[in-house]
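The values are calculated or read from the model by the stated rules, or taken from the named source; none is laboratory data. Since the model is a prediction, treat every value here as computed from it, not as a measurement. Backbone-built Cβ (ideal geometry, glycine too); neighbour counts: all protein chains shown. For the accessible areas, the whole protein counts, side chains as well, though only heavy atoms, and no ligand, DNA or RNA atoms are used. Shrake-Rupley method; radii C 1.70, N 1.55, O 1.52, S 1.80 Å.
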Amino acid sequence: MKIGIIGGSGLYELDDLRNVETKELATPFGRPSDAFICGVMGDNDVYFLPRHGRGHVLLPSEINHRANIFGFKMLGAESIISVSAVGSLKEDLRPRDIVLPDQYFDRTKNSTGHTFFGDGIVAHISFAEPTCGKLRKCIAETARRVIKADSGLDVRVNEGGTYVNMEGPAFSTRAESHVYRQLGMDIIGMTSLPEAKLCREAGICYQPLAMVTDYDCWRETESAVTVDMVIEHLTANTKLAKEILVVLLTGGFERKQACDCSESLKHAILTNAGSISEETKKRMNIIVGKYV
């Protein structure tokens, strides 16, 4: 398998890769967040990219998601696992717990940066189920196995949940946090939704591995979220995320059942092939080539 890993806050490198090389890519949508670290783990070709750049130099709103996902597509990634730091909107989703979201609620304003389409080619993907259920199940099974093997870990794996994607960089107001809770949302973050949309357009399986760092600011019995609090939990979460990824990628990564993520554009492109310019076809060939 060819597997992409997006490292979130705290995860800027991936251990235990063999045959490591660094690849700087230029895409039609600009440059990705950083160079891709490419190597082998188990029987898998692995491509790692730190979402915020090494040293955490990019705000959530500064990330070029289109370049990031297009870069993974250029490298041949079939699946992407995205590690994300999130706030909890539920009492029973505790700091350091894991959530594998299967839904999103969009609070962003940059929809043009969340699609490869436009400029002479129109497509509308199906997004009712925005993440890959087969990949989610595989990650959940592995995470539970890793946690069970360490008797000192008190971490729950939650398979499913709704991720509120805000823009940041400020955290939520208390009023916003309470509204999200009243609406039944589970976790909140600043980066995952654009990745999910772009992976769907690119025909890449996608699943976030969301690691809880705090209770956002709705839990008034505790202090509001601070950077120090987040970093403390980030350190523990990063260690666990690395362990899960190593076991997953060295243990014979397979989703057991085929999914249809790779066929997401089969009935999505509305523009007649004859109306698409040769320049656009060339730019988008890696995404739409087999359809136009």
**For the stretch 1-41, with +1 on Lys and Arg beta carbons and -1 on Asp and Glu, the positive-most of MET1, PRO28, LEU11 along the dipole** = PRO28
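How large is the direction-averaged shadow of the alpha-carbon convex hull of the stretch 1-144, in nm²?
If you wrap the Cα atoms of the stretch 1-144 in a convex hull and average its projections, you get 10.1 nm².
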**Message:** Only Cα pairs within less than 10 Å get springs; with that Gaussian network setup on the chain, which residue of ASP150, ASP43, ASP102 has the largest fluctuation?
**Reply:** ASP150
**Prompt:** With charges set only on the Cβ (+1 for Lys and Arg, -1 for Asp and Glu), what does the dipole of the chain come to about its Cα centre, in debye to the nearest 20?
**Reply:** 620 debye
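Normalised by the residues of the stretch 169-228, what does the relative contact order come to in percent, with Cα pairs under 8 Å and at least six apart?
Relative contact order comes out at 41 percent.
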**Request:** Report the calculated FRET efficiency for ASP119 and THR221 (r = Cβ-Cβ distance, R0 = 51 Å), to the nearest 0.05.
**Result:** 0.50
**Message:** If the reach is capped at under 16 angstrom between alpha carbons, list the lysines near LYS23, excluding any in the same chain fewer than eight residues apart.
**Reply:** LYS2, LYS73
**Prompt:** In the full protein assembly as shown, how much of GLU232 is accessible to a 1.4 Å probe, in Å² to the nearest 10?
**Reply:** 110 Å²
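Can you pull the percent of the chain's accessible area that's carbon plus sulfur, 1.4 Å probe, other chains left in place? Write down the numbers at each step before the final one.
Values: 6330 of 13070 Å².
C and S fraction of accessible area: 48 percent.
Below 8 Å, C-alpha to C-alpha, sequence gap of six or more: please give me the relative contact order for the chain in percent. List each step's numbers first, then the result.
Details: 591 pairs, mean separation 74.4, N = 292.
With pairs under 8 Å counted, the relative contact order is 25 percent.
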**Asked** How far apart, in nm, are two points set 7 Å out from the Cα along the Cα-to-Cβ line at GLN103 and at VAL247?
**Response** 2.9 nm
**Heavy-atom surface of the chain, accessible at 1.4 Å and reported per residue (Å²)** = 45 Å²
**Complete:** Env charge @ SER82, Cβ radius under 14 Å, K,R +1 / D,E -1, value +2
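Rounded if a/c is under 1.5, else prolate if a/b beats b/c, else oblate: with a ≥ b ≥ c from the C-alpha gyration tensor eigenvalues square-rooted, which is the stretch 137-292? Mind showing how you got there, number by number?
Numbers: a/c = 2.67, a/b = 1.49, b/c = 1.79.
The shape class here is oblate.
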**Asked** Rounded to the nearest 0.05, what FRET efficiency do THR173 and LYS239 have when you use their Cβ-Cβ distance and R0 = 35 Å?
**Response** 0.65
**Fill in**
Largest fluctuation, ALA143, ALA273, ALA202 only, Gaussian network model of the chain with Cα springs under 10 angstrom, belongs to ALA273
**Request:** Choose one answer from ALA35, ALA175, ALA241: the residue with the largest mean-square fluctuation in a GNM of the chain with alpha-carbon springs under 10 Å.
**Result:** ALA175
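Need the full-extension length gain, LEU75 to ARG156, defined as separation in residues times 0.36 nm minus the C-alpha distance. One decimal, nm.
On the way: separation 81, 0.36 × 81 = 29.16 nm, distance 3.35 nm.
Residue separation times 0.36 nm, minus the Cα-Cα distance, leaves 25.8 nm.
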**Item:** Inter-label distance for ASN110 and ASP228, nm, one decimal - labels placed 7 Å from Cα along Cα-to-Cβ
**Value:** 3.0 nm
**Message:** In the stretch 98-121, whose amide N lies under 14 Å from the spot 7 Å out along Cα-to-Cβ of LEU270? List them in ranges.
**Reply:** 117-121
**Message:** Can you show me the helix-derived [θ] at 222 nm for the chain, built from DSSP H runs with n ≥ 4 at -39,500 (n - 2.57) apiece and divided by the number of residues, rounded to the nearest 500.
**Reply:** -8500 deg cm²/dmol
**Complete:** Restricting to Cα pairs under 8 Å and 6 or more apart, the percent relative contact order of the stretch 143-200 works out to 38 percent
**Around LYS197: net Lys/Arg minus Asp/Glu count, Cβ-Cβ under 13 Å** = -2
**Item:** Residue-level accessible surface for ILE231, protein heavy atoms, 1.4 Å, Å²
**Value:** 90 Å²
**Message:** How much length would be gained if the chain were fully extended between SER262 and ASP43, taking 0.36 nm per residue of separation minus their Cα-Cα distance, in nm to one decimal?
**Reply:** 76.7 nm
**Request:** Using only protein heavy atoms and a 1.4 Å probe, report how much of ARG18 is accessible, in Å² to the nearest 10.
**Result:** 120 Å²
**Asked** In terms of solvent-accessible area of protein heavy atoms at a 1.4 angstrom probe, what is the ranking of THR22, THR142, THR271, THR221, highest value first?
**Response** THR221, THR22, THR271, THR142
